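Computed from the coordinates by the stated procedures, all read-outs in this text should not be read as laboratory data. The structure displayed is predicted, hence computed values, not measured ones. Don't worry about glycine lacking a Cβ; one is built from the backbone with ideal geometry, like all the others, and counts go over all protein chains shown.
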Amino acid sequence: MNVLAVGAHPDDLELLCGGALALYSQNGHKIFMCHTLNGNLGHEKIPRDELRDIRRQEAINSAKIINAESMTIDIDDMDIHDTQETRLKMAEIIRKADPDVIITHSPDDYHTDHNITSGVVFNSSFASTLPQLKTETPCNKKITPIYYMDTVVGVNFQPEEYVDITDVIEIKKEMFSCHKSQVSWLKEHHKIDMIEFMYSFARFRGMQCGVKYAEGFKQLKVWGRIFPKRFLP
Ligand SMILES: [Zn+2]
């Protein structure tokens, strides 16, 4: 399968579905990791343009660990809107990845960048199949299932499917640790140890389904996107 995961900020995927992506990769699937925003507001001191470049490289480094292709539509933080222009940019990403399954944010997460990204992915996924909406790459032939990854630490999110990530938790940690600018900033200025945060969150979902570490998901259930099989690893 081709698996397309779309997060808002450059480090969202690692926290919310990095384990599942590592498992897809181990099972021989092709992974595309896209962040819609460039993360340029995610630091107190590093200037925006510099931070944008740093975070792009951090995302590339993380994707490399599981042989994933890193992609972005490079929108400034807090500036994503569900417009036709944004939808076409995302449609082009979806056409390039030609996914069999898409993973993105829940529309009920804590950050407007996450929630808008979720809506943009849903709308663009449909748009990517329409031949008269032109982008560089020709249109996709199929409507794909969409899975919502957990919200940050699971607030307002009851998973319907779980992925046992016990065997790949260290890979998830390694990927997440590539986002050095975030891990150090949050530790210094917000007193949050993001690595501990990641482990506790995965442990909590693991306890719910009887394994050491897990990630939780919900499938978007609308007509045309429901299939009688499991797409998660
Ligand atoms: Zn985020």
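Determine the percent antiparallel among the DSSP beta bridges restricted to the chain, to the nearest 5.
Within the chain, antiparallel bridges account for around 30 percent of the total.
Give me the distance between the Cα centres of segment 115-139 and segment 153-198, rounded to whole Å.
For segment 115-139 versus segment 153-198, the Cα centre distance is 29 Å.
Membrane-span-like helices in the chain: DSSP H runs reaching 18 Å or more (Cα, own axis), mean Kyte hydropathy at least -1.0?
Membrane-span-like by this rule: 12-26, 84-97, 112-127, 194-209.
If you place +1 on the Cβ of every Lys and Arg and -1 on the Cβ of every Asp and Glu, how big does the dipole about the Cα centre of segment 73-140 come out, in debye to the nearest 20?
Roughly 420 debye for segment 73-140.
What relative contact order, as a whole-number percentage, does the chain give when Cα pairs under 8 Å and 6 or more residues apart are counted?
24
How far is it, in nm, from the label point at E170 to the one at C139 when both lie 7 Å from their Cα along the line to the Cβ?
Computed distance between label sites E170 and C139 equals 4.8 nm.
Quick check: pseudo-label points 7 Å beyond the Cα along Cα→Cβ at E44 and T129, how many nm apart are they?
My value for the distance between the label points is 4.8 nm.
Which value, in debye to the nearest 20, gives the size of the charge dipole of the chain about its Cα centre, when Lys and Arg are +1 and Asp and Glu are -1 at the Cβ?
Dipole magnitude for the chain comes out near 740 debye.
Report, in listed order, any pair from K45/K212; K64/K96; K45/K173; K180/K229 with a Cα-Cα distance greater than 30 Å.
Going by Cα-Cα distance, K45/K212; K180/K229 fall outside the 30 Å limit.
What's the exposure ranking of T151, T36, going from fewest to most Cβ atoms within 10 Å?
Fewest-to-most Cβ neighbours within 10 Å comes out as T151, T36.
What Kirkwood Rh does the chain have if only Cα atoms enter the pairwise 1/r average? Answer in Å.
Hydrodynamic radius (Kirkwood, Cα pairs) of the chain is 17.6 Å.
Arrange the following residues from fewest to most other Cβ atoms within 10 Å of their Cβ: V168, V183, V121.
Ascending Cβ contact count within 10 Å gives the list V183, V168, V121.
What's the center-to-center distance, using Cα atoms, between segment 11-28 and segment 211-233 in Å?
14
So, R0 is 25 Å and r is the distance between the beta-carbons of K221 and Q84; what FRET efficiency does that work out to, to 0.05?
Step by step, r from the Cβ atoms, then E = 0.45.
Would any residue of segment 27-47 have its amide N under 17 Å from a label point 7 Å out along Cα→Cβ of E69? List them or say none.
Taking a point 7 Å out along Cα→Cβ of E69, the residues of segment 27-47 whose backbone N falls under 17 Å are 28-36.
Among P145, P47, P99, which one moves the most in a GNM of the chain with springs linking Cα atoms closer than 10 Å?
Judging by the Gaussian network model, the answer is P47.
Which value, in debye to the nearest 20, describes the size of the charge dipole of segment 98-233 about its Cα centre when Lys and Arg Cβ atoms bear +1, Asp and Glu Cβ atoms bear -1, and nothing else is charged?
Roughly 320 debye, rounded to the nearest 20.
Would you mind getting me the FRET efficiency between K212 and V155? Use the beta-carbon distance for r and R0 = 25 Å, nearest 0.05.
0.65
When only DSSP loop residues count, what trypsin sites (Lys or Arg not before Pro) in segment 150-201 have their Cβ near at most 15 other Cβ atoms within 10 Å?
K191
When the chain is treated as a GNM, springs tying every alpha-carbon pair under 10 Å, which of H111, H190, H35 comes out with the largest mean-square fluctuation?
Among H111, H190, H35, the largest GNM mean-square fluctuation belongs to H190.
Return the distance in nm (one decimal) between the two label points of a simple spin-label model at K229 and H189, each offset 7 Å from Cα along Cα→Cβ.
Using points 7 Å along Cα→Cβ, the separation is 4.6 nm.
With the dipole of segment 1-160 worked out from charges on the C-beta (+1 for Lys and Arg, -1 for Asp and Glu) around the Cα centre, which of H9, T144, V155 lies farthest toward the positive end?
With unit charges placed on the Cβ atoms, the residue in question is T144.
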